[in-house]
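The values are calculated or read from the model by the stated rules, or taken from the named source; none is laboratory data. None of the values given here were measured: they were computed from a predicted structure. Backbone-built Cβ (ideal geometry, glycine too); neighbour counts: all protein chains shown.
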Amino acid sequence: MASEELIRLKEHLASLEAFVDSPAHVGFLAARQEEIRQIEDTLLEVDPMDHHDEIEHYKFRGERRCLKSMLTVFADAAEELRDRISDLEDLEGVAL
């Protein structure tokens, strides 16, 4: 019989997969893509001529990097959870 943790993780994975396949996730991705586009436009406009502008440029590049990582955060979390479930199933199979 599966442990409570394994059951809980599988339920969480099902919820996460449902979200990734939902229109809400599509909207989330579209919003992040738009934010990335806006930041990229701003980066093209900001010419780091002085120290303040250079700092702003780095700030926008950091924001862009963060937003890009958000594009895959849920899919990556689901993959990591699948791996964790697999490992736990292997462990429980050995313990039986």
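Which count do you get for residues in the range 81-96 that are acidic (Asp, Glu) and surrounded by 11 or more Cβ atoms within 10 Å (Cβ to Cβ)?
Keep residues of the range 81-96 that are acidic (Asp, Glu), which gives 83, 87, 89-90, 92.
Filter once more, keeping what is surrounded by 11 or more Cβ atoms within 10 Å (Cβ to Cβ): 89, 92.
Here the count works out to 2.
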**OP:** Report, by residue number, each residue of the range 47-69 that is exposed (fewer than 15 other Cβ atoms within 10 Å of the Cβ) and hydrophobic (A, V, I, L, M, F, W, C).
**Re:** Met49, Ile55, Cys66
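This table checks each residue for (1) at pLDDT 95 or above; (2) of a type in the set (Gly, Ala, Ser).
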| residue | (1), (2) |
| --- | --- |
| Ser22 | yes, yes |
| Gly27 | yes, yes |
| His51 | no, no |
| Phe60 | no, no |
| Ala78 | yes, yes |
| Arg82 | yes, no |
| Val94 | no, no |
Original post:
List pairs: first in the range 57-70 and over 12 Å from Glu35 (Cβ atoms), second not in a helix (DSSP H, G or I) and not small (Gly, Ala, Ser), Cβ under 7 Å, 6+ apart or cross-chain?
Top reply: His57/Val46; His57/Pro48
Original post:
How many of the residues making up the range 71-96 are touching a residue at least 40 places away in the same chain (Cβ under 8 Å) and of a type in the set (A, V, I, L, M)?
Top reply: 7
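Quick one: in the range 25-39, which of the residues that are surrounded by 11 or more Cβ atoms within 10 Å (Cβ to Cβ) and among the hydrophobic types (A, V, I, L, M, F, W, C) is farthest from Arg84 (Cα to Cα)?
Kept after step one, since they are surrounded by 11 or more Cβ atoms within 10 Å (Cβ to Cβ), are these residues of the range 25-39: 25-26, 28-29, 31-39.
Pick out the ones that are also among the hydrophobic types (A, V, I, L, M, F, W, C) and you get 26, 28-29, 31, 36, 39.
On the way: Val26: 26, Phe28: 26, Leu29: 25, Ala31: 30, Ile36: 31, Ile39: 35 Å.
Of everything passing the filter in the range 25-39, Ile39 is farthest from Arg84 (Cα to Cα).
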